[in-house]
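In what follows, a single structure is set out as structure tokens and then discussed.
The values are calculated or read from the model by the stated rules, or taken from the named source; none is laboratory data. Note that this is a predicted model, so its numbers are computed, not measured. Cβ sites come from the backbone with ideal geometry, for glycine too, and all protein chains shown count toward neighbours. Areas reflect the complete protein model, heavy atoms only, side chains present, ligands, DNA and RNA absent. Shrake-Rupley method; radii C 1.70, N 1.55, O 1.52, S 1.80 Å.
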Amino acid sequence: MGFKTFPGGIHPHDNKVFSKDKKIEVMPLPEKIVIPLSQHIGAPSKPIVKIGDEVVAGQKIADAGGFVSIPMHSSISGKVTKIAQFNHPTGALVQGIEITGDGEDKWIELVDESNFMDLSAKDLKERIADAGVCGMGGAGFPTHVKLSPPEGKKIDTIILNGVECEPYLTADYRIMLEQAEDILAGLKILMKIVEAKHGVVGIEANKPDAIKLFKKLLKNEKNIKVVGLHLKYPQGAEKQLIYAATNRKVPNKGGLPMDVSVVVQNVGTAIAVYEAVRYKKPLVDRVITISGKIVKNPKNIKARIGTFYSDLLEYCEGTTEDIGKIISGGPMMGFAIPSLETPMTKGSSGLLLFDKKEAHREQENVCLRCGRCVDICPMNIVPSFIAHHVRNDDWDSAEKSGVMDCIKCGSCAYVCPSHIKLIQWIDIGKIKVSENRTN
Amino acid sequence: MNDVFAVSAAPHIKQKISINSVMWQVVLALTPALLIGIFFFGIQSLFLTIYAVAASVFTEALIQKFRKVPITVNDGSAVVTGILIAFNINSSAPWWLPVLGSIFAIAIGKQIFGGLGFNIFNPALLGRAFMMASWPTLMTAGWKFTTPMNNLFQSSINGLNNLPSNFPEVVTSATPLRVVKALRDTTQISSDVANTVMDNLTGMNTLQDLFWGNVGGVIGEVSAAALLIGAAYLAWKHIIEWRIPVSYIGTVFVLIYVFGGINGMFSASIMLPIFHILSGGLILGAFFMATDMVTSPVTKKGRLIFGMGCGALTVVIRLIGGYPEGVSYSILLMNIAVPLIDRYTVPKPFGQIKR
Ligand code: SF4
Ligand code: SF4
């Protein structure tokens, strides 16, 4: 079928069966939400409300903390009841604003401008920035920043990431089936902003119906095409996707997609962009997959940002067995978190529950030097060397071995017969090397 | 909820693979060759293998107990070493030969370095080198031709005139590789005679026998086909990777084709390199010994260099050196170079700007 891909990679079981045929359900209003002030890469947002303030859904409650930052909006109507440290899906504690709902779902005034494509690029970008849109696939880079390449850098292609290569997750799949037109409208807005001539929608081979649907919708579009991609992890990693879709290699050592004239956005982000531009609707809800073998009724849920994981799980009728591990995000790159009392953020693509057995990890053994990790590393680095250097506190060698180029996809740890915690070592290496750089 | 949830670093799913599963799959892959060995050389081969494996496992357990480290003999790595030791001896060897070889392999080849993962040399090859050095006659003499091969030699020799008086002797007690070597080295027979014997040896019949196993040799090397079945399994399971075997065998092919003939460069027929590849443990070495994960390079480019180095050394030893064989010594020599190879072949990360 002419599918494309990248060198390296692995084939974990995709486990999407639990939720892939579940239509998106809109979750009833939660009683309480928490809007963390850091849901993105960049400066934390600055609260502009105080305890006791009445707010409505869509109302701005925190300003962007700088250019590389985004504003935050309340996702329900109610009263600000706390501004404090709360659990965060990355496992950290982060400043957040708690809002107790009034159950009425009052909203700010939205518009409906069907001629939104007549707006200037500047106005379009402004609406996106005002709506607090950031990447919804994981990292959470502010979208308006990605759309502002420095002087002299031209963007010729926007790639929409509909790969969703993480096992279990089906949120992007469902929105592609149920909101394809919105996604394409978002793509056209993005293309207009940076004057990109080409648009690409990258979809993995395990979603043939999505590929077919987009092909049909794009039959008469000359500038936008669908690229089918081989089923391989991490096909959705930015650099790997760009390579597969355009044959361009993003330079290593901190190179960005814009260095090869590309901007990548997640399909969910495209919907947020569309809604921000047409309705001036801030990013206050998203679709999230709740899944796992032990989840009674796995679902794809459209929920308000700030909804607690515990509420989401309850809506899925809980679990059939004791929970051994809570994973925020996908099983390859997500975070294991200590508590369900954690609010979902703009980047929350999934909540997975594992039983005790699935949570069990083997003891780390000696490196066999088998080279399996080397064979599959999509960044073509030598994970076992990095682990070795980090263990020896040899930061220089770790840096020379490319620790900063690692995208932390987890493939190496997945295939290691010695159960070496490669990502853990790489994490330490990344932190130490960047510390040394700033010193 | 008072549950304690596991919070480990990603990834949270793991391929079902472990050191144990890797090693036991290698054992499985060696089984066809062992069965063929038993078929051709008798039940004695099985006993020798059992002695070797028992000695390996026992030595490993004993030393680990002594070192007060966890006893890991069920990981299968000592079993692999034992089988490979047995594969390198003749079926007529005394029982203590594989036992001593295995003890040496595990004690000096592996545990002295700190055990699995830290050893520099392939333990089985070190054990073989030890046996070669200590009991050269037991290791080389006394092995049997299977009958058809013997007939072939006899007929090709009987049909020749003017053979030097010692020549048949060389032939009847030697591996095919020895004969080829003798042909290159001897000055006592005319080139006509040498060419005829050479042609006979590298004829289609011989090659077929070498491939299917109808030829004498040590227990594990008798059938290239049986070894290749095991190797294919390991490749399918991503336990061995193509780079080392292919570069090893490819290098041998090219170099023998160019330099292997007895009448100067490029005088060899295309059959000669095939003959070299199928005989003398090259298949066993290239697929099961050179690919030993602990003692071969980790980097992809490094594996290619390693395989080419093994191939070049094997050819040098076979053509110029004192032994007709050469596989095990070349791999051992290349083992020493592995840290160096690894250091200089660290790959350029994806996206590296070319200069
Ligand atoms: S080293 Fe980094 S990029 Fe390579 S496989 Fe491991 S996590 Fe992925
Ligand atoms: S996969 Fe594991 S055992 Fe094999 S080389 Fe990499 S780190 Fe070492």
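Just a few scattered comments:
- Cross-link table A:K356/B:K300; A:K122/A:K153; A:K23/A:K197, entries beyond 27 Å C-alpha to C-alpha: A:K356/B:K300; A:K23/A:K197
- Residues whose placed amide H lies under 5 Å from that of B:I89, excluding near-sequence neighbours: B:I219, B:G220
- Inverse mean reciprocal Cα-Cα distance (Kirkwood Rh) of the range A:71-199, Å: 17.6 Å
- Cα centroid of the range B:260-319 to Cα centroid of the range A:131-182, whole Å: 51 Å
- For the range A:371-413, the residues whose backbone nitrogen is under 20 Å from a point 7 Å from the Cα of A:K253, taken along Cα to Cβ, are A:379-383, A:386, A:395-408.
- Complex-versus-alone comparison for the range A:351-367, residues with a loss of 40 Å² or more in accessible area, probe 1.4 Å: A:R361, A:V366
- Sequence-distant residues sharing a close amide H with A:A62 (under 5 Å, placed H): A:I48, A:M72
- Centroid-to-centroid, using Cα positions, the range A:200-266 and the range A:364-416 are 27 Å apart.
- At full extension, A:N297 and A:E178 could sit 40.8 nm farther apart than now, given 0.36 nm per residue minus the alpha carbon distance.
- Given R0 = 45 Å, the distance between the Cβ atoms of B:W236 and B:L333 translates into a calculated FRET efficiency of 0.90.
- Axis angle, to the nearest 10 degrees, between helix B:123-134 and the longest C-alpha principal axis of chain B: 40 degrees.
- Two-site FRET efficiency, A:E314 against A:D63, from Cβ-Cβ distance with R₀ of 45 Å, rounded to 0.05: 0.85
- Those aspartates and glutamates that a straight Cα-Cα span of less than 13 Å connects to B:K16, excepting residues fewer than 8 apart in one chain: A:E358, A:E362
- Computed over the range B:19-140, the Cα gyration tensor eigenvalues convert (square root of 5λ each) into semi-axes of 23, 17, 11 Å, ordered from largest to smallest.
- Partner shielding of B:338-351 amounts to 5, given as the average count of beta-carbon atoms from other chains within 10 Å of each residue beta-carbon.
- For A:I97, residues with placed amide H under 5 Å, excluding near neighbours: A:I35, A:L37
- Karplus-derived 3J(HN,Hα), 6.51/-1.76/1.60, for each residue of the range A:51-58, Hz, glycine and proline x: 4, x, 5, 8, 10, 10, 4, x
- Annotation: peptides A:201-213, B:273-285, ranked by per-residue average of other Cβ atoms within 10 Å with the highest first, follow the order B:273-285, A:201-213.
- Set of the range B:53-75 residues, backbone N closer than 18 Å to the point 7 Å along the Cα-Cβ line of B:W95: B:53-59
- The accessible surface of the protein assembly as shown, taken with every protein chain in place and a 1.4 Å probe, is 58 percent carbon and sulfur.
- Among A:I158, A:I175, A:I108: highest mean-square fluctuation, GNM of chain A, C-alpha pairs under 10 Å: A:I108
- Between helix B:224-236 and chain B there is an angle of about 20 degrees, using the helix long axis and the longest principal axis of the Cα atoms.
- Taking Cβ separations below 4.7 Å as the criterion for a possible disulfide partner, the isolated cysteines in the protein assembly as shown are A:C134, A:C165, A:C316, A:C367, A:C370, A:C377, A:C406, A:C409, A:C416, B:C310.
- Size of the A/B contact, given as accessible area buried on both chains, probe 1.4 Å, in Å²: 4200 Å²
- FRET E, pair B:F39, B:K65, Förster distance 60 Å, beta-carbon r, rounded to 0.05: 0.95
- Tail fraction, Cα-Cα pairs, chain B, threshold 32 Å, whole percent: 34 percent
- If both residues of a DSSP beta bridge must be in the protein assembly as shown, then about 60% of such bridges are antiparallel.
- Positive-pole candidate from A:V374, A:S339, A:L351, dipole of the range A:307-387, charges at beta carbon: A:V374
- P(r) weight above 42 Å for the protein assembly as shown, C-alpha pairs, percent: 44 percent
- The HN-Hα couplings worked out from phi for the range A:286-301 by the Karplus form 6.51 cos²θ - 1.76 cosθ + 1.60 (θ = phi - 60°) are 7, 9, 9, 8, 10, 8, x, 4, 8, 6, 4, 9, x, 8, 10, 10 Hz, whole numbers, x standing for Gly and Pro.
- For the range A:372-438, the solvent-accessible area with a 1.4 angstrom probe is 38 square angstrom per residue.
- Table column - 3J(HN,Hα) (Hz), the range B:18-29, Karplus curve with 6.51, -1.76, 1.60, x for Gly and Pro: 8, 4, 4, 5, 4, 5, 5, 5, 5, 4, 4, 5
- Modelled label reach - A:D209, point 7 Å along Cα→Cβ, the range A:303-332 residues with backbone N closer than 15 Å: none
- Kyte-Doolittle mean at least 1.6, axial Cα span of 15 Å or more - DSSP H helices of chain A: none
- Folded to 0 to 90 degrees: helix B:327-344 orientation relative to chain B principal axis, Cα: 40 degrees
- Principal axis dimensions, largest first and in whole angstrom, of the range A:189-281 by Cα: 39, 29, 25
- Inter-site label distance for A:Q85 and A:D21 at 7 Å from Cα along Cβ, in nm: 4.7 nm
- Legend: translational diffusion of chain A by Stokes-Einstein, Rh = Kirkwood radius over C-alpha pairs, 25 °C, 0.890 mPa s; D = 110 µm²/s.
- The modelled label-to-label distance between B:F113 and A:E54, using points 7 Å beyond Cα along the C-beta direction, is 7.7 nm.
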